[in-house]
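Working notes, beginning with the structure itself.
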Amino acid sequence: MKKTILSGSTVTGDLTIGNYIGAINNWKKLQEDYDCLYFLADLHALTVFQDPQVLRDRTYSFFAQYLALGLDPEKNIIFAQSHVHEHAELMWILTCLTPMGFLNRMTQFKEKAEKHVKNVNSGLFTYPVLMAADILLYQADLVPVGEDQRQHLELTRDIVGFFEHRYGAGVFKLPDAHVGKQGARVMSLQDPEKKMSKSDDNDKNFVSIIDDAKKIEKKIKSATTDSGSEITFDLENKPGLSNLMTIYSVFSGKSIQALEAEYAGKMYGHLKVDLADLVVEHLRPVRERYVELMKNRDYLDELLKKGAARAQVRARGTLDQVYKTVGLVRS
Ligand code: ATP
Ligand code: LTN
């Protein structure tokens, strides 16, 4: 029996090369050896105000980007969270078990509440409970998440504990984090102290998967690098350069040491020019495939529908068991 892996991406902003390197590229490798479910977290996106048309378009766009980046809709179950209503239903049950104190401690909540002072809604607060429902519905063994989501995964494990304390064991599997080999964290291009984030207000901070060649070149060439001239990987003293080297390494498949040797005696500018070319060439076929896919919404709809149907069969099984366990009458 293959182990089950589940992960999702909030449908906000534009997928970046950070998401690609830190998440989707790993997912692609996992699809061969695991039973994988990947979903578009459209319900999570609503914790921040979304223009309805933009959210709709973006959901298709993210899905097309997943496919264009090589996620296979046959090998994996790929779907939109809101298409499987069991997510919201299980969330309610789990919300009734989760003490507010635990949610109060969530770093992401604190950060987002500070950032969106005018819209500190309850969904922002209960966001991690929905995430727990996403994971537990599918009895996931492993969840590939970045550092920023670790705390939410820990909370998911706590929630399993609350459930078992009240109702006994055997309903949910206890999920673990899956740490990819190349668990690289890509940093912002202008501010290498913070991570590259797709919802960054300044679009110079990230390269989006669907940026055109000109944009990619401009963004990489204007990336902040540190004083000094030697091309060596040094996260502490040369975070900007090191970040570019990480990206270079992942896209080229060359090790950091090989890059240091290749660029010995060369200038930062050389590396930037080559890196820009590399990223452009790497993303060119992705973008072409993306453009093709986006021309055919009916096809995307059909695939989303199939994905949701496959996901729902599993979700229903878990939710039925939960409803029975907590004492809800089943007709
Ligand atoms: P947001 O800015 O909307 O919070 P994000 O760019 O941080 O978005 P998420 O939707 O939170 O992206 O994450 C999707 C996946 O991509 C997660 O597995 C996350 O850990 C990974 N990821 C996000 N940003 C990076 C990054 N800079 N480097 C590596 N992995 C990343
Ligand atoms: N909160 C996550 C996206 C997400 C997720 C999940 C990831 C929603 N539900 C379940 C893994 C498992 C994020 O912002 N990266």
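Brief remarks on what is shown
- Subset of region 152-176 [touching a helix residue (DSSP H, G or I) at 6+ places or on another chain (Cβ under 6 Å) and either surrounded by fewer than 17 Cβ atoms within 10 Å (Cβ to Cβ) or assigned to a loop (DSSP other than H, G, I, E, B) (or both)]: Y167, V171, F172, L174, P175
- Qualifying residue in region 65-74 (condition: within 22 Å of P128 (Cα to Cα) and of a type in the set (A, V, I, L, M, F, W, C)): no
- Sole exception among (1) surrounded by fewer than 16 Cβ atoms within 10 Å (Cβ to Cβ); (2) more than 23 Å from the chain's Cα centre (by Cα) for E217, by number: (1)
- Taken over region 192-210, the criterion of being charged (D, E, K, R) and at pLDDT 95 or above is satisfied by K204 alone.
- Inspection of region 112-131 identifies no residue that is in contact with a Pro (Cβ under 7 Å, 6 or more places away or on another chain) and closer than 13 Å to G8 by Cβ.
- Residues (hydrophobic (A, V, I, L, M, F, W, C) and either touching an Asp or Glu at 6+ places or on another chain (Cβ under 6 Å) or in a loop (DSSP other than H, G, I, E, B) (or both)) located in region 26-59: L46, V48, F49
- Selected residue (only one of K215, K219 is more than 15 Å from ligand 1 (Cβ to nearest atom), assigned to a helix (DSSP H, G or I) and either in contact with a strand residue (DSSP E or B) (Cβ under 8 Å, 6 or more places away or on another chain) or modelled with pLDDT of 95 or more (or both)): K215
- Selection within region 123-152 - under 14 Å from the mean Cα position of the chain (by Cα) and closer than 19 Å to L40 by Cβ: M131, D134, I135, V143, P144, V145, G146, D148, Q149, H152
- Among residues of region 4-44, those that are among the hydroxyl-bearing types (S, T, Y) and within 9 Å of ligand 1 (Cβ to nearest atom), counted: 6
- Checklist (1) within 27 Å of L319 (Cα to Cα); (2) among the small types (G, A, S); (3) crowded, with 21+ Cβ neighbours inside 10 Å applied to G18, failing item: (1)
- Tally, over region 139-158, of residues that are away from ligand 1 (no atom under 16 Å from the Cβ) and either basic (K, R) or closer than 30 Å to M196 by Cα (or both): 3
- Restricting region 111-167 to residues that are within 14 Å of ligand 2 (Cβ to nearest atom) and polar (S, T, N, Q), the residue that is nearest to T95 (Cα to Cα): T126
- Verdict on V250 being touching a strand residue (DSSP E or B) at 6+ places or on another chain (Cβ under 7 Å), under 19 Å from A276 (Cβ atoms) and not hydroxyl-bearing (S, T, Y): no
- Which listed residue is at pLDDT 95 or above, surrounded by fewer than 24 Cβ atoms within 10 Å (Cβ to Cβ) and under 14 Å from the mean Cα position of the chain (by Cα), from L71, L67: L71
- Pairs with Cβ under 7 Å, 6+ apart, first in region 140-156 and touching a residue at least 40 places away in the same chain (Cβ under 8 Å), second among the aromatic types (F, W, Y) and assigned to a helix (DSSP H, G or I): P144/W27; L155/F102
- Total residues in region 83-123, condition in a helix (DSSP H, G or I), among the polar types (S, T, N, Q) and in contact (Cβ under 8 Å) with a residue 60 or more places away in the chain: 1
- Of the helices (runs of 4 or more DSSP H) lying entirely inside region 225-302, those carrying at least 1 residues that are surrounded by 12 or more Cβ atoms within 10 Å (Cβ to Cβ) and among the hydroxyl-bearing types (S, T, Y) are 239-252, 268-294.
- Criterion applied to F79, F62 was being assigned to a helix (DSSP H, G or I) and either within 16 Å of ligand 2 (Cβ to nearest atom) or modelled with pLDDT under 95 (or both), and the one residue passing it is F62.
- Checking region 45-58 against the condition returns a match, with at least one residue being of a type outside the set (K, R), more than 28 Å from S249 (Cα to Cα) and crowded, with 21+ Cβ neighbours inside 10 Å.
- Across region 186-208, the number of residues qualifying as within 16 Å of ligand 2 (Cβ to nearest atom) and either over 29 Å from L293 (Cα atoms) or surrounded by 15 or more Cβ atoms within 10 Å (Cβ to Cβ) (or both) comes to 8.
The values are calculated or read from the model by the stated rules, or taken from the named source; none is laboratory data. As the structure is a computational prediction, the values presented were derived from the model and not from experiment. Here the Cβ is made from the backbone with ideal geometry for all residues, glycine too, and neighbour counts use every protein chain on show.
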